[in-house]
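**Q** Have a look at this one.
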Amino acid sequence: MFEKKQILVPIDFNEKSLDVVMNYAVPVAKKYGSRIYLLHVIEETGLFSGFFSSVDTDKVAKALEEKLKEIAHQIEKENHLEVVPMIVKGRITNKITEVANMLDVAVIVICAANKHSSKDKDLNFAGANTYKLIRTSERPVLVVKKPYQYSDVKKILLPIDLTPASRQKVPHVVELAKRANAHVVILGGAWGPEKEIIEKKMQVVLKQVTDYLSERKIPNETVFFNSLQSEKEYFKTICTYSSENNIDVMVGSGRGDFTQEYVVDGITEYLLKCSEIPILSILPEEKGIISVAGRI
């Protein structure tokens, strides 16, 4: 994943986004010898954008540019890394994807909002820009919640279902496992009135995945849950299992609603809410989203 040696980190100068830079992006860049691009987008279509003149906007842009240069210089000095500051104007997600493609980056590392919903205090919600970015970016998007400190991967959790998009993520997991010398836990589940039929189909798919990993000398094991009552329980089980079994990386997949730019697949959405582990979303070859949650 990091052959391209370039990481894009959009920031808005708040404490959380700067924390992501220092505690995650910098250690990753050190490990892989990557260059970091710090990007700030000045949104031109915001609620108050029409109240400011072009002169005022230019002054703001200049001040932010100087601040970003200071941050980049400090990171370079303290960590012996190449850090490039960038200021652009436009719609946030559009500009992030545009810059990522232009620079041909390996990954986009972003900070997620971490706010509890009023209905369920166990769930946290990422912002609309996060959802849109992981739905539209052609580049991998790593969503990190604060507080989180990067550490090496030892165990990868790979949930598998019957969708084509789910199986498309397997080669990406192989790449991660090889680079990190990690162990892969393949996880499956079945529920609903046709649970027995689904379980039989799942066992076939799980064996295919196991064989694929074993042929590529990736250490692995399979865990299957057949007493689930619902899809939501399956999602909760993934989060619980990962926290209780020292999982470093979670992998989820699903297709989502491809007519809506802010709608992601169910498992990715739930992991964004329930998991404190970073989530890496990768757009597969066909429509659908592959999401890898955890330490890369």
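The values are calculated or read from the model by the stated rules, or taken from the named source; none is laboratory data. Keep in mind it's a predicted model, so treat the numbers as computed, not measured. Neighbour counts are summed over all protein chains in view; Cβ atoms, including those assigned to glycine, are modelled from backbone coordinates with ideal geometry.
**Q** Determine if the range 238-249 includes at least one residue that is in contact with a Gly (Cβ under 8 Å, 6 or more places away or on another chain), in contact (Cβ under 8 Å) with a residue 12 or more places away in the chain and surrounded by fewer than 18 Cβ atoms within 10 Å (Cβ to Cβ).
**A** Within the range 238-249, not a single residue is in contact with a Gly (Cβ under 8 Å, 6 or more places away or on another chain), in contact (Cβ under 8 Å) with a residue 12 or more places away in the chain and surrounded by fewer than 18 Cβ atoms within 10 Å (Cβ to Cβ).
**Q** Anything in the range 161-183 that is farther than 16 Å from Leu280 by Cα and among the hydrophobic types (A, V, I, L, M, F, W, C)? List them, or say none.
**A** Across the range 161-183, the qualifying residues are Leu162, Ala182.
**Q** Out of everything in the range 129-165 that is at pLDDT below 80 and either among the β-branched types (Val, Ile, Thr) or in contact with a strand residue (DSSP E or B) (Cβ under 6 Å, 6 or more places away or on another chain) (or both), what residue ends up being nearest to Ser17 (Cα to Cα)?
**A** Val153
**Q** Could you check the range 23-41 and list, in sequence order, the residues that are over 22 Å from Glu175 (Cα atoms) and at pLDDT 90 or above?
**A** Tyr37, Leu38, Leu39, His40, Val41
**Q** Taking the stated definitions as given, is Thr268 polar (S, T, N, Q), modelled with pLDDT under 85 and part of a helix (DSSP H, G or I)?
**A** yes
**Q** Under 9 Å between Cβ atoms, which residue pairs at least 6 apart in sequence (or on different chains) link something in the range 38-63 that is closer than 26 Å to Ile110 by Cα with a partner that is aromatic (Phe, Trp, Tyr) and at pLDDT 80 or above?
**A** Pairs that qualify, where the first residue is closer than 26 Å to Ile110 by Cα and the partner is aromatic (Phe, Trp, Tyr) and at pLDDT 80 or above, are His40/Phe13.
**Q** Look at the range 199-217 and say how many of its residues are of a type in the set (S, T, N, Q), exposed (fewer than 14 other Cβ atoms within 10 Å of the Cβ) and closer than 30 Å to Tyr150 by Cβ.
**A** So the count comes out to 1.
**Q** Something else now. If you go through the range 173-198 one residue at a time, how many are more than 17 Å from Asp152 (Cα to Cα) and crowded, with 17+ Cβ neighbours inside 10 Å?
**A** Going through the range 173-198 one residue at a time, the tally reaches 7.
**Q** Separate question: Among the listed residues Ala100, Ala112, Ala126, Ala72, which satisfies the condition of being modelled with pLDDT of 95 or more and closer than 18 Å to Glu15 by Cβ?
**A** Ala72
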